[in-house]
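Laboratory data are not the source of any read-out in this text; all were calculated from the coordinates shown. Not measured: the values here are computed from a predicted model. Cβ placement follows ideal geometry from the backbone for every residue including glycine, while neighbour counts extend to all protein chains displayed.
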Amino acid sequence: MNVGHREVVTAVQREVLPYDRNYLRHADRLEPALRSLHETWSAVREGLGASGEALFRAREAAAMVAHGRWMYHAALQRTESRGMHKRADRPAQDPAQHHRLLTGGLDEVWSRPEAVQRHMVASGGRVA
């Protein structure tokens, strides 16, 4: 199955541009969007190809899919609202989640809390 970079970009934009998914987040909208991005990633892995100048566009499109998957995976892991991350289904802050999330992976996406450094804890969260 061949997929072109324009199709990939359109598929990513369909999932990440609507405000009801990306700004006012809710698990009921994030989960289907993430599933769709996983399907797009599978299509990219199976058949996104290009040559010459189009190779740059294909890599750019693949990076957009990867970023969208990381973004929504991490958003689902953070089950609170904090800063610009607004969860319509989780409007309150959770003091237990006062940490950054690291996310990555390509075929298997992962998210985990960043390890808190001892000097940060000792200084009340300020960089010493």
Among all stretches of the chain without exposed GluC sites (Glu not before Pro) (DSSP loop, at most 13 other Cβ atoms within 10 Å), which one is longest? 54-107
Give me P(r) over the range 37-81, computed from all C-alpha to C-alpha distances, binned every 10 Å, as integer percentages. 27, 42, 21, 9, 1
Near Val3, within a Cβ-to-Cβ distance under 15 Å, what is the net charge of the other residues, with Lys and Arg +1 and Asp and Glu -1? +1
Given the convex hull of the Cα atoms of the range 1-107, what is a quarter of its surface area in nm²? 7.0 nm²
For the chain, what is the relative contact order in percent, using Cα pairs closer than 8 Å and at least 6 residues apart in sequence? 24 percent
Given the options Ala27, Val44, Leu102, identify the residue whose Cα lies farthest towards the positive end of the charge dipole of the chain (+1 on Cβ of Lys, Arg; -1 on Cβ of Asp, Glu). Leu102
